[in-house]
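**Q** Provided herewith is a single structure, encoded as structure tokens, for subsequent inquiry.
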Amino acid sequence: MADIEIEIDGNVVKAKAGEMLIAVTDREGISVPRFCYHKKLSIAANCRMCLVDVEGAPKPQPACSTPINEGMKVHTQNEKAKASQKAVMEFLLINHPLDCPICDQGGECELQDVAMSYGSDVSRFTEGKRIVANSDIGALIHTDMTRCIHCTRCVRFGSEIGGIMEMGGTGRGEDLKIEPFLKEGITSELSGNMIDVCPVGALTSKPFRYELRTWQMHSVANIARHDLVGSNIFTQTYKGKVKRIVARDNDSVNETWISDRDRFSYEGLAHENRLLKPQIKMDGQWKEVEWDKALEFAVRGLVDNALNTGGGNKLGALTSNTATLEEFHLLQKMLREVGSENIDYRLNVKDLDNVINLESTIKLVELEKVDHSLIIGANLRLEQPMINHRLRKAALAGASIDVINAMSFDFNYRTNSENIVSPGQTVAILAEVLKSILERSCAEIPKYLGKVKIGDVAKCIADELLESNNSVIILGEHAINNPQAASIAKLISEIAQQTGSTTLNVSATSNSMAAEMVNFVPGQGGLNANAMLAADLGAYILLDVYPQYDFHNSVQAIKSLDNKNTFVVSMNSFRDKEVARYSDVMLPIASFYETSGSHINIEGVMQSFAAAVSAPSESKSAWKVLKVLADLLELSGFHYANSEQITGEISNQSHKQKIDNKEINITAKRGVSVIWQKSPYAIDVLSRHATALQATKIGQMYNALMNKATAKKEGIKEGGQYLGVPVIITEKVANNCIFVHANQSTGDKS
């Protein structure tokens, strides 16, 4: 659109034709009050607070819904505009309760702010105020609906951003209420954003209720590390405690939204289960000691059990994928300095000779511009909420979406086709898709595709990819333990190359990209995680590992670690019964928001953050503990004063690109396959200790789903259990597949 000139309060400004007046005033720094308007939501124009005087118009116009045109003259501060705004304010306050002293929104309430300029200190309303009964809408959001001013921001957020219209208006006139339609309340994975968009105290954070005023807290810019996005957040603290997490605007990463997992997981920091003091095991009994004694005991154990007996080859290091970039770097550097290549973070992968190697070639902001997407092995809505949000925007703009999954999920956008196939058949259908594409392109058919017969489903998927101009193929985490995971990734890469599609690999999560960046995988002659546990290693260093949740086969892992001839140094942020069982030393480390470091997101962008609070009691940042261990082992090159120096060292190093030369195997696998997923709010130790998150419907996901045919084959009945997990029989799951969501510690996941 062409630039035009308009006049606002006597000043000439440039704007785009058709742009809404309120967008222009915001850009120019001109204050116009509003309640219903939000830059990321559709225009409702129902609060009328933004009324301004437009010359030529018979009455004041709402700035949020008035498009500009050439020569328009607008007055935002004259008597006509002021009188209209004050009249609207008076009507809004007629039924609003005078409970500001006890309202959690106090100090950041838009109604309070606007009332200071446009309200009156005397009310002309003498009738009784209306009272609205509060609804219990879940464990995360507290309601005080008498305060609601019917701006409908929460309603529009649910339908437009969350993708589920869980809130709506019922009744008319004075009886109008904003409330959920269903008794189960709000179930969206993005529901906490309703708290942010609410301009008054009608919707507030339930875990934060009656805690503090906003002006009492200190806000620290931080990064959420629960997924591949690295959403930008503010960590709000008081007296060394994290009290609240809110979104920080960054249009290239998370816009202005964050997931509930990012928002409410901080509760776990104050859990009574924190590991707070160093401990060593003496004669089978745990004893709390000072840091220097614990570190000396750890070093002596590493030297005696590994370094002096078999050199570095007898020492292994395993870590969770939630470690910071700097922690990954220091631990692998330490192991390699002592001559060991036994390092790994891929604890949940069953076959580490069959891993996914697929590069992501699309940026987050570009996701919402695609015209077609093929999703394979993923429930993005719960596993990667902010990536799913971008894809939903593309779907709303007209993009078509095809799905190949082992189970039907509740997507919050319309799909073109949802193909439910067993994990063993995924590689076969992708081979059909590739052959169809090659045939239509008159390209040479490779030998391994020679006998492939193309089905109707594969042909439709291939046609969509060929006919689109900007498509993306997304590979999810359900494929990591597929018996042909590596071949699936290679086929996707070939399909993308032949169709000009981009790829997005979300098969790993949290800070896995950082582990890959610093090569936290075994080098030449080194053992991977599974091989280490099968070998007779003399010692381990484990970084925030919780075996019953993190290992693919936790029973075997615990058995291997709980060996009287194996010395185990565990660095953990929380206490754990199994960790205490096999460890010889337990060193308390800082958790999320308590340490500085860096997160690498799906784009490969490094986002660094500072510690928002100090670690509790005697806990220390893991990078500091690793540095001191290296010093005590008399290793050179570990003289760091802060984590920024470690980051700088990493930035100056070259990083190897992985090359996979294995041949593609498209033979479909028979038998029952198990997809074992940690529940979305149980993916890391902090989320698992967040009480409010665990009380939600998503947090309570704990079931093994299978269809009737598979249940009959396995001899399982409805209401029974599969490896300790309650069974639900449903035809949503493909044949020969068992899909598990587990939020509790488990054993063998085979």
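The values are calculated or read from the model by the stated rules, or taken from the named source; none is laboratory data. This one's a predicted model, so the numbers in the text were calculated from it and none came from an experiment. Here the Cβ positions follow ideal geometry from the backbone for every residue, glycine too, while neighbour counts run over all protein chains shown. The accessibility values were calculated without ligands, DNA or RNA, using every heavy atom of the protein model including side chains. Shrake-Rupley method; radii C 1.70, N 1.55, O 1.52, S 1.80 Å.
For (1) at pLDDT below 95; (2) part of a loop (DSSP other than H, G, I, E, B); (3) open to solvent by 50 Å² or more (accessible area, probe 1.4 Å); (4) among the basic types (Lys, Arg), each residue gets a yes or a no:
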| residue | (1), (2), (3), (4) |
| --- | --- |
| 617 | no, yes, yes, no |
| 624 | no, no, yes, yes |
| 629 | no, no, no, no |
| 634 | no, yes, yes, no |
| 647 | no, no, no, no |
| 655 | yes, yes, yes, no |
| 661 | yes, yes, yes, no |
| 666 | yes, yes, no, no |
| 670 | yes, yes, yes, yes |
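**Q** So residue 426 passes all but one of these: (1) among the hydroxyl-bearing types (Ser, Thr, Tyr); (2) surrounded by fewer than 22 Cβ atoms within 10 Å (Cβ to Cβ); (3) modelled with pLDDT of 95 or more. Which condition number does it fail?
**A** (2)
**Q** Continuing with the same structure: Among residues belonging to segment 558-576 that are part of a loop (DSSP other than H, G, I, E, B) and among the hydroxyl-bearing types (Ser, Thr, Tyr), point out the one that is surrounded by the fewest Cβ atoms within 10 Å (Cβ to Cβ).
**A** Only one residue fits best here, namely 566.
**Q** Need pairs with beta-carbon distance below 6 Å; first residue free of Cβ contacts under 8 Å to residues at least 12 places away in the same chain and within segment 73-88, second surrounded by 14 or more Cβ atoms within 10 Å (Cβ to Cβ); sequence gap 6+ or separate chains.
**A** none
**Q** Give the number of residues within segment 251-280 that are under 18 Å from residue 685 (Cα atoms), touching a residue at least 40 places away in the same chain (Cβ under 8 Å) and either touching a Lys or Arg at 6+ places or on another chain (Cβ under 6 Å) or buried (at least 19 other Cβ atoms within 10 Å of the Cβ) (or both).
**A** 13
**Q** Moving on to the next point. Is segment 11-21 home to any residue that is outside any strand (DSSP E or B), at pLDDT below 95 and under 37 Å from the mean Cα position of the chain (by Cα)?
**A** Checking segment 11-21: at least one residue is outside any strand (DSSP E or B), at pLDDT below 95 and under 37 Å from the mean Cα position of the chain (by Cα).
**Q** Please pick out the residue among 191, 159 that is small (Gly, Ala, Ser), free of Cβ contacts under 8 Å to residues at least 12 places away in the same chain and within 27 Å of residue 382 (Cα to Cα).
**A** On inspection, the qualifying residue turns out to be 159.
For (1) among the polar types (S, T, N, Q); (2) under 40 Å from the mean Cα position of the chain (by Cα); (3) in a loop (DSSP other than H, G, I, E, B), each residue gets a yes or a no:
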| site | (1), (2), (3) |
| --- | --- |
| 71 | no, no, yes |
| 80 | no, no, no |
| 89 | no, yes, no |
| 105 | yes, yes, yes |
| 115 | no, yes, no |
| 135 | yes, yes, yes |
| 138 | no, yes, yes |
| 159 | yes, yes, no |
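**Q** Right, another one. Specify which of the listed residues (470, 419) is over 30 Å from residue 552 (Cβ atoms), in contact (Cβ under 8 Å) with a residue 24 or more places away in the chain, out of contact with any Pro (no Cβ under 6 Å at 6 or more places or on another chain) and not β-branched (Val, Ile, Thr).
**A** Of 470, 419, the one residue that is over 30 Å from residue 552 (Cβ atoms), in contact (Cβ under 8 Å) with a residue 24 or more places away in the chain, out of contact with any Pro (no Cβ under 6 Å at 6 or more places or on another chain) and not β-branched (Val, Ile, Thr) is 470.
**Q** Provide a single number: the residues in segment 496-550 that are of a type in the set (A, V, I, L, M, F, W, C) and part of a loop (DSSP other than H, G, I, E, B).
**A** Count: 9.
**Q** Hey, another quick one. Given the options 714, 718, name the one that is acidic (Asp, Glu), open to solvent by 50 Å² or more (accessible area, probe 1.4 Å) and touching a residue at least 40 places away in the same chain (Cβ under 8 Å).
**A** On inspection, the qualifying residue turns out to be 714.
**Q** Residue under question is residue 729, and the condition is that it be touching a Phe, Trp or Tyr at 6+ places or on another chain (Cβ under 7 Å), open to solvent by less than 50 Å² (accessible area, probe 1.4 Å) and over 24 Å from residue 185 (Cα atoms); does it hold?
**A** On the way: touching a Phe, Trp or Tyr at 6+ places or on another chain (Cβ under 7 Å): no; open to solvent by less than 50 Å² (accessible area, probe 1.4 Å): yes; over 24 Å from residue 185 (Cα atoms): yes.
For residue 729, the condition - touching a Phe, Trp or Tyr at 6+ places or on another chain (Cβ under 7 Å), open to solvent by less than 50 Å² (accessible area, probe 1.4 Å) and over 24 Å from residue 185 (Cα atoms) - is not met.
**Q** Looking at the structure I just gave you, is residue 169 open to solvent by 30 Å² or more (accessible area, probe 1.4 Å) and touching a Leu at 6+ places or on another chain (Cβ under 7 Å)?
**A** yes
**Q** Take residue 445 and decide whether it is under 22 Å from residue 489 (Cβ atoms) and over 25 Å from the mean Cα position of the chain (by Cα).
**A** Working: under 22 Å from residue 489 (Cβ atoms): yes; over 25 Å from the mean Cα position of the chain (by Cα): yes.
When the stated conditions are applied, residue 445 passes them.
**Q** List pairs: first in segment 164-178 and on the phi > 0 side of the Ramachandran plot, second part of a strand (DSSP E or B) and surrounded by 13 or more Cβ atoms within 10 Å (Cβ to Cβ), Cβ under 6 Å, 6+ apart or cross-chain?
**A** 171/177
**Q** Got a number for residues in segment 312-321 being open to solvent by less than 20 Å² (accessible area, probe 1.4 Å) and either free of Cβ contacts under 8 Å to residues at least 12 places away in the same chain or assigned to a loop (DSSP other than H, G, I, E, B) (or both)?
**A** 1
**Q** Among (1) open to solvent by 10 Å² or more (accessible area, probe 1.4 Å); (2) more than 23 Å from the chain's Cα centre (by Cα); (3) in contact (Cβ under 8 Å) with a residue 60 or more places away in the chain, which single condition is residue 242 missing?
**A** Only one criterion in (1) open to solvent by 10 Å² or more (accessible area, probe 1.4 Å); (2) more than 23 Å from the chain's Cα centre (by Cα); (3) in contact (Cβ under 8 Å) with a residue 60 or more places away in the chain is unmet by residue 242, namely (2).
**Q** A follow-up question, please. For segment 21-40, how many residues meet the condition of being buried (at least 19 other Cβ atoms within 10 Å of the Cβ) and within 21 Å of residue 393 (Cβ to Cβ)?
**A** Selection size over segment 21-40: 2.
**Q** Go through 704, 690 for me and flag whichever is among the small types (Gly, Ala, Ser), open to solvent by less than 10 Å² (accessible area, probe 1.4 Å) and under 22 Å from residue 403 (Cβ atoms).
**A** Of the residues listed, the single one that is among the small types (Gly, Ala, Ser), open to solvent by less than 10 Å² (accessible area, probe 1.4 Å) and under 22 Å from residue 403 (Cβ atoms) is 704.
**Q** Which residue out of 500, 538, 525, 455 is on the phi > 0 side of the Ramachandran plot and more than 30 Å from the chain's Cα centre (by Cα)?
**A** Step by step, each of 500, 538, 525, 455 is checked, and only 525 is on the phi > 0 side of the Ramachandran plot and more than 30 Å from the chain's Cα centre (by Cα).
**Q** What is the residue count in segment 466-475 for residues that are surrounded by 23 or more Cβ atoms within 10 Å (Cβ to Cβ) and of a type in the set (Gly, Ala, Ser)?
**A** Adding up the residues that qualify gives 1.
**Q** Determine, yes or no, whether residue 329 is farther than 21 Å from residue 299 by Cβ and open to solvent by less than 10 Å² (accessible area, probe 1.4 Å). Break it down stepwise before answering.
**A** Working: farther than 21 Å from residue 299 by Cβ: no; open to solvent by less than 10 Å² (accessible area, probe 1.4 Å): yes.
It is false that residue 329 is farther than 21 Å from residue 299 by Cβ and open to solvent by less than 10 Å² (accessible area, probe 1.4 Å).
**Q** Going by the structure shown, is residue 164 among the aliphatic types (A, V, I, L, M), surrounded by fewer than 20 Cβ atoms within 10 Å (Cβ to Cβ) and part of a loop (DSSP other than H, G, I, E, B)?
**A** Considered against the rule, which asks whether it is among the aliphatic types (A, V, I, L, M), surrounded by fewer than 20 Cβ atoms within 10 Å (Cβ to Cβ) and part of a loop (DSSP other than H, G, I, E, B), residue 164 comes out as yes.
**Q** Tell me which strands (runs of 3 or more DSSP E) are completely within segment 172-290 and hold 3 or more residues being in contact with a helix residue (DSSP H, G or I) (Cβ under 8 Å, 6 or more places away or on another chain) and closer than 19 Å to residue 591 by Cβ, or say none if there are none.
**A** Numbers: elements: 177-180, 203-205, 218-223, 232-238, 241-247, 279-282, 285-288.
Because the criterion is at least 3 residues that are in contact with a helix residue (DSSP H, G or I) (Cβ under 8 Å, 6 or more places away or on another chain) and closer than 19 Å to residue 591 by Cβ, the strands (runs of 3 or more DSSP E) in segment 172-290 that meet it are 232-238, 241-247.
**Q** If you don't mind, there's one more thing I want to ask. Can you find even one residue in segment 692-708 that is touching a residue at least 60 places away in the same chain (Cβ under 8 Å) and in a helix (DSSP H, G or I)?
**A** Yes: segment 692-708 contains one or more residues that are touching a residue at least 60 places away in the same chain (Cβ under 8 Å) and in a helix (DSSP H, G or I).
**Q** Can you tell me which of (1) part of a loop (DSSP other than H, G, I, E, B); (2) modelled with pLDDT of 95 or more; (3) open to solvent by 20 Å² or more (accessible area, probe 1.4 Å) is the one residue 309 doesn't meet?
**A** If we test residue 309 against (1) part of a loop (DSSP other than H, G, I, E, B); (2) modelled with pLDDT of 95 or more; (3) open to solvent by 20 Å² or more (accessible area, probe 1.4 Å), just (2) comes out false.
**Q** The conditions are (1) in a loop (DSSP other than H, G, I, E, B); (2) surrounded by 13 or more Cβ atoms within 10 Å (Cβ to Cβ), and residue 84 fails exactly one of them. Which is it?
**A** It fails just one condition, (1).
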